[in-house]
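Worksheet for the structure shown next.
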Amino acid sequence: MAPNPYAKYQNSKILTASPAELTLMLYDGAIKFGNIAIIAMNEKDIEKAHTNIIKVQRIITEFRSSLDRNYPVAQDFDNIYVYLLQRLLQANVKKDPEIMEEVVGHLRTLRETWVEVMKKGKGGA
């Protein structure tokens, strides 16, 4: 079986990404998996919804573990991540797409904020 060119590209993209770019990729992944979970809930595909919610939880757990606790803002982000994890648990137990939509909305906001941080870090406006 020939290697998948897309998979090779994705692997290369991850291996060459900066920490900031990796964080952005994680936000993108969390949003993608959250959207898949919403669709699965609406289609009553409980297993697929569960699997994708767990993926979002793992990404947020990774965000929590990578916080630099030397900065006061880390506690603010930790509070957000804890809240999102609680909501994900509720969404998974209830299979409630509205809760997932709330979580994905928060993730989009965090992603947009991260993009702005990246721009400022590169000297952009």
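The values are calculated or read from the model by the stated rules, or taken from the named source; none is laboratory data. Computed from a predicted structure; not experimentally measured. Note that we place each Cβ from the backbone using ideal geometry, even for glycine, and neighbour counts take in every protein chain shown. Quick note on the areas: whole protein, heavy atoms, side chains included, nothing else; ligands and nucleic acids left out. Shrake-Rupley method; radii C 1.70, N 1.55, O 1.52, S 1.80 Å.
If the condition is being buried (at least 16 other Cβ atoms within 10 Å of the Cβ) and either in contact (Cβ under 8 Å) with a residue 60 or more places away in the chain or not small (Gly, Ala, Ser) (or both), then the range 36-49 contributes Ile36, Ala37, Ile38, Met41, Asp45.
Exactly one residue among Lys13, Lys94 is open to solvent by 80 Å² or more (accessible area, probe 1.4 Å) and at pLDDT below 95, and that residue is Lys13. For the range 16-51, a residue qualifies if it is β-branched (Val, Ile, Thr) and closer than 21 Å to Leu85 by Cα, and the qualifying residues are Thr23, Ile31, Ile36, Ile38, Ile39, Ile46, Thr51.
The criterion of being assigned to a helix (DSSP H, G or I), modelled with pLDDT of 95 or more, under 15 Å from the mean Cα position of the chain (by Cα) and exposed (fewer than 12 other Cβ atoms within 10 Å of the Cβ) does not hold for Glu101. Scanning the range 104-118 for residues that are open to solvent by 90 Å² or more (accessible area, probe 1.4 Å) and modelled with pLDDT under 95 yields a count of 0.
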